[in-house]
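Heads up: the structure comes next, in structure tokens.
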Amino acid sequence: MSDRAFVAGVGMTKFDKPGARQVTYPELVAEAVSQALVDAGISYDQVQRAAAGYVFQPSAAGQRALYDVGLTGIPVVNVNNNCATGSTALMLATEWVRSGLADVALAVGFEQMTKSAMQGGTGTAVTTVDRHLDIMTRMHGFGAAPMTAQFFGHAAAEHMQRFGTTAEQLAAVAVKNHEHSVRNPLAQFQNPYTIEQVLNDKPVHGPLTRSQCSPISDGAAAAVVVSERFARARKLMGRTVEIIAQSLVTDTVASFESESMIDTVGAPMSRTAVQQVLDTGGVTIDDIDVIELHDCFSINEIITCEAMGMCAAGEGGKLAQSGATTYGGKWVVNPSGGLISKGHPLGATGLAQCAELTWQLRGEAGERQVQGARVALAHNLGLGGACAVTLYRAPSLTTAEGKTNDR
């Protein structure tokens, strides 16, 4: 049995507005997976198991997505965990490696999205978020905006009412993440915004404007996860990124008992999942250098920073304004541009976070590089509900193969 797992290779496509590239989802997957295989220095026939994550594609799309890469007969498990799908696929691949079921596992996430798929509605049928909808509609009704925008727009209004958070503080999150994406050629948006531009952008719901909301996107991302045995045999230890700890948490009664939209959109899940990985990894939030965080809306970065213990409850807006979460601050949060600016093809998001943090911890992030980054954390949230958090460590400081000087 292997109890260690390493990311040996990553790849991702550019995230684009739906229809911007005339490609099929198997073509997107082939692009991301091929990059990851080349990055790991292996061929597809060495992959022993694959987890394929998506939300809106047809049943068993994972098999079809990978058939153009190779027809090797390996088990392909299809994963759908709403917006946490990509990280859930990564968790499956990691568990296969750690358990000894595979020395080489592939996780891939992909999506081609439409506006209608994201619109949502109240309806009468059971839905994945009917408990969440019940809270919202009893407190606030159901409006015309996309359903998720209503959830997070009400959470933003609640945060402002309870803690005095300002519209400028919400906008500061978007300004930071859009500025980060200027240096990311794979991001859907690569233009900076001022506070005034964010505040004066098209209203979406409550205090949220368009540039504070993640867009619908097309894209794919992939990671090759390997065992320590495989990495040492291939002399990869000097560039593989270790997955120190992972946690996957679903809703508990805490999400619904308070009738707080902040809790309903996942703050309790985030708090629990982050603490679990920090405890398992033997680190504190102060030890983290770089974070990819699920900023589906600007308010969720504020809520999640509080849930992670980066600041006290209610202080997330001030944290966003302080500069503590960008280059030169205590942490760099969303160097990729985050979901707001990089884009959010649901199935691919968690693996895009993995790709960004792998590049950061290898020192390969180019103009986005966080200097001296050694420990990283990814936070991937899906309503309905799932929160997947992964803790990564930089490649060992190898003095000789088999002898390492880990931090």
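The values are calculated or read from the model by the stated rules, or taken from the named source; none is laboratory data. All values derive from a computational prediction rather than experimental measurement. Every residue, glycine among them, receives a Cβ derived from its backbone with ideal geometry; neighbour counts consider all protein chains shown. Each accessible area value is taken on the protein alone, full model and side chains, heavy atoms only, with ligands, DNA and RNA left out. Shrake-Rupley method; radii C 1.70, N 1.55, O 1.52, S 1.80 Å.
Relative intensity of region 157-205 on a log10 scale, I(q)/I(0) at q = 0.18 Å⁻¹, equals -0.62, per a Debye sum over C-alpha point scatterers of equal strength in the absence of solvent.
Return an integer: the convex hull volume of the alpha-carbon atoms of region 95-253, in Å³ per residue.
On the way: hull volume 30.8 nm³, N = 159.
So the per-residue Cα hull volume is 193 Å³.
In the full protein context, region 311-381 carries 26 Å² of accessible surface per residue, based on a 1.4 Å probe and ignoring ligands, DNA and RNA. Enumerate the whole-percent occupancy of each 10 Å bin, from 0 to the last occupied one, for all C-alpha pair distances of region 213-262. Percent of pairs per bin, in order: 16, 23, 26, 22, 11, 1. For the pair Thr128 and Asp286 in one chain, pulling the backbone fully straight at 0.36 nm per residue adds 53.4 nm over the alpha carbon distance. Here the chain is treated with +1 on each Lys and Arg Cβ and -1 on each Asp and Glu Cβ, and its dipole about the Cα centre works out to around 600 debye.
Given only helices, namely DSSP H runs of n ≥ 4 each adding -39500 (n - 2.57), what is the per-residue ellipticity at 222 nm of the chain, to the nearest 500 deg cm²/dmol?
On the way: 15 runs with 152 residues, N = 407.
-11000 deg cm²/dmol, from helical runs alone.
Ignoring any ligand, DNA or RNA, what whole percent of the accessible area of the chain comes from carbon and sulfur when the probe is 1.4 angstrom? Kindly include the intermediate steps, with their values, before the conclusion.
Details: 7720 of 15010 Å².
After summing per-atom areas, the C and S share lands at 51 percent.
Of all DSSP beta bridges confined to the chain, the antiparallel ones make up roughly 70%.
Could you please report the charge total around Lys342, scoring K, R as +1 and D, E as -1 over all other residues with beta-carbon less than 14 angstrom from its beta-carbon?
-3
Note on the chain: Cα-only Rg and Dmax are 19.9, 63 Å.
Each semi-axis of the equivalent ellipsoid for region 342-388 is √(5λ) with λ an eigenvalue of the Cα gyration tensor; in descending order they amount to 24, 12, 7 Å. With protein chains left intact and a 1.4 Å probe, residues in region 22-103 average 40 Å² of accessible area per residue. Converting the Cα gyration tensor eigenvalues of region 262-407 into ellipsoid dimensions via √(5λ) gives semi-axes, longest first, of 25, 16, 16 Å. Asp68 exposes around 90 Å² of accessible area when a 1.4 Å probe is run over every protein chain in place.
Once you've got the Cα coordinates, tell me which of Lys115/Lys330; Lys115/Lys176; Lys176/Lys235 are over 32 Å apart.
Numbers: Lys115/Lys330 37 Å; Lys115/Lys176 26 Å; Lys176/Lys235 38 Å.
Cα-Cα > 32 Å for Lys115/Lys330; Lys176/Lys235; rest within.
Computed over the alpha-carbon pairs of region 1-41, the distance histogram in 5 Å steps reads 6, 20, 23, 16, 14, 10, 6, 3, 2, 0 percent, short to long. By the Stokes-Einstein formula, at 1.306 mPa s and 10 °C, region 51-154 with its Kirkwood radius over alpha-carbon pairs has D equal to 100 µm²/s.
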